[in-house]
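What follows is a single structure, written as structure tokens, with notes after it.
The values are calculated or read from the model by the stated rules, or taken from the named source; none is laboratory data. What you see is a predicted model; the values in this text were computed from it and never measured. As a convention, Cβ positions derive from the backbone with ideal geometry for all residues, glycine included, and neighbour counts pool all protein chains shown.
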Amino acid sequence: MSAPSIRALGVSKEYVRGGHNPSLRTFREALAGAVTGRFRPSARPAPRDDRFLALSDVSFDVHPGEVMGIIGRNGAGKSTLLKILSRITAPTAGRIEVRGRIASLLEVGTGFHPELTGRENIRLNGAIIGMTSSEVARKFDRIVAFSEVEKFIDTPIKHYSSGMYTRLAFAVAAHLEPEILIVDEVLAVGDAEFQKKCLGKMNEIAGQGRTVLLVSHNLSAIGALCQNAILLDGGRILHHGAAADTIAHYSGLFRGDDGVVVEDKPPSGPHIASATLATNQILFGEKLAVTCMIQSPDRRRAAIEVEIHDGLGRKLIYSSTAPMHGQEFDIYPGTNRLMLGIGALPLARGSYELHLWLSKPWVEEFHRLSVPLCFDVVQSDPGGAGFDFQQSYERGCVAVPITFERQE
């Protein structure tokens, strides 16, 4: 196997909560300190209670041609890790080994100079990663065409919308032929067509033997694009392996009592106090039975709305008690017990999430359960012919009946 493009060895990053960290002084502050340091005592290090580890002992390898996903909740350390890999900040402990030229697309607002035009920023970014002006010129038309900002290419980018900025930034990072492309949440901005272009371009880059690191909350994109993925939580690696396995591990973090019972902290208004599955294992075509305990301070008209997501986080099914039965129902002061029957569900074998919320449809959402109920379809043979229909990105997750007749 070839040497890794990126190797992280025991990487940790420590920050100080609030106040001023003397290790993060500006050049001006450092110069002033050097001049006056003999006349004042040295700054004392921050107390241990004021310090926290954004990353703790993170180690992994990424090889040429590999697309690695990084997932985790907000505050897990994903962006901190990318900034260290991009050499924007240094680790407190451990080290990073990088082989090749890096292009990074981190959060919107970094990497470009707002006073410069789109054209000038393309040239500047090319120079920063070591390309000659002739190399940038050869790529220029393709960058502009991909970004779809031709009409504004000579406008200072401080006047760009966030979508325009992101399209141009991704186009620059992807077309300047870095050996390593690092992307943070590019799929959170822009329309569906642009997101599709981004996925296609990242696939193309990996196919050329280059390396891609992608941070995204879009688990469907991670599952479709990445061979492997890392799950970060609290600055530590909880799981590192095949993308599908890592996504399943991530989804498992949110299961309450194996997904059968979920209780929520009540808001002041009408809310779902708890939801319970009769079973968390069903067969293809079976109904899902759910008991909801609804509490309300007063009488209301309401409906239950539901979504079913697959293991990659893709929304598969939406339904509501209101349009299905032509009316809302009454909830009364105190506790209301509601039995739901959802289905029959034509789902492939695999793991799923059931999301529930209480609402006055199209008017107001009263309360959404913060944690989904989780269940598994353990056997799926739609035609009864012994075929095992498994959940996959290629085939999808839903099988519907098809009838046919031969016509002469």
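Any chance the stretch 167-176 includes a residue that's surrounded by fewer than 21 Cβ atoms within 10 Å (Cβ to Cβ), touching a strand residue (DSSP E or B) at 6+ places or on another chain (Cβ under 6 Å) and small (Gly, Ala, Ser)?
No - not one qualifying residue is present in the stretch 167-176.
Yes/no per residue for (1) within 16 Å of His271 (Cβ to Cβ); (2) touching a residue at least 12 places away in the same chain (Cβ under 8 Å):
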residue	(1), (2)
Gly285	no, yes
Cys292	yes, yes
Arg300	yes, yes
Arg314	no, yes
Tyr318	no, yes
Gly350	no, yes
Val363	no, no
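Could we say that Gly10 is at pLDDT 55 or above, surrounded by 15 or more Cβ atoms within 10 Å (Cβ to Cβ) and not aliphatic (A, V, I, L, M) here? So Gly10 fails the test. Within the stretch 239-252, the residues that satisfy the criterion of being without any contact (Cβ under 8 Å) to a residue 24 or more places away in the chain and not in a helix (DSSP H, G or I) are His239, Gly241, Ala242.
For the stretch 103-118, state whether one or more residues are among the acidic types (Asp, Glu) and in contact with a Ser or Thr (Cβ under 9 Å, 6 or more places away or on another chain).
yes
Note on the stretch 168-180: residues that are touching a Gly at 6+ places or on another chain (Cβ under 6 Å) and more than 15 Å from Ala127 (Cα to Cα) total 3.
Looking at Thr321, Thr246, Thr279, Thr211, which is the one that is loosely packed, with under 15 Cβ neighbours inside 10 Å, hydroxyl-bearing (Ser, Thr, Tyr) and modelled with pLDDT of 75 or more?
Thr279
For the stretch 101-118, the count of residues that are modelled with pLDDT of 85 or more and out of contact with any helix residue (DSSP H, G or I) (no Cβ under 8 Å at 6 or more places or on another chain) is zero. Against the test of being within 21 Å of Ile180 (Cβ to Cβ), touching a residue at least 12 places away in the same chain (Cβ under 8 Å) and crowded, with 19+ Cβ neighbours inside 10 Å, the options Val136, Val98, Val149 yield a single qualifying residue, Val136. Taking the condition assigned to a strand (DSSP E or B), modelled with pLDDT of 85 or more, in contact with a helix residue (DSSP H, G or I) (Cβ under 9 Å, 6 or more places away or on another chain) and β-branched (Val, Ile, Thr), does Ile304 pass? So Ile304 passes the test.
Just one of the listed residues (Phe27, Phe39, Phe60) is modelled with pLDDT under 90, closer than 29 Å to Ile102 by Cα, surrounded by fewer than 19 Cβ atoms within 10 Å (Cβ to Cβ) and among the aromatic types (Phe, Trp, Tyr), and it is Phe27.
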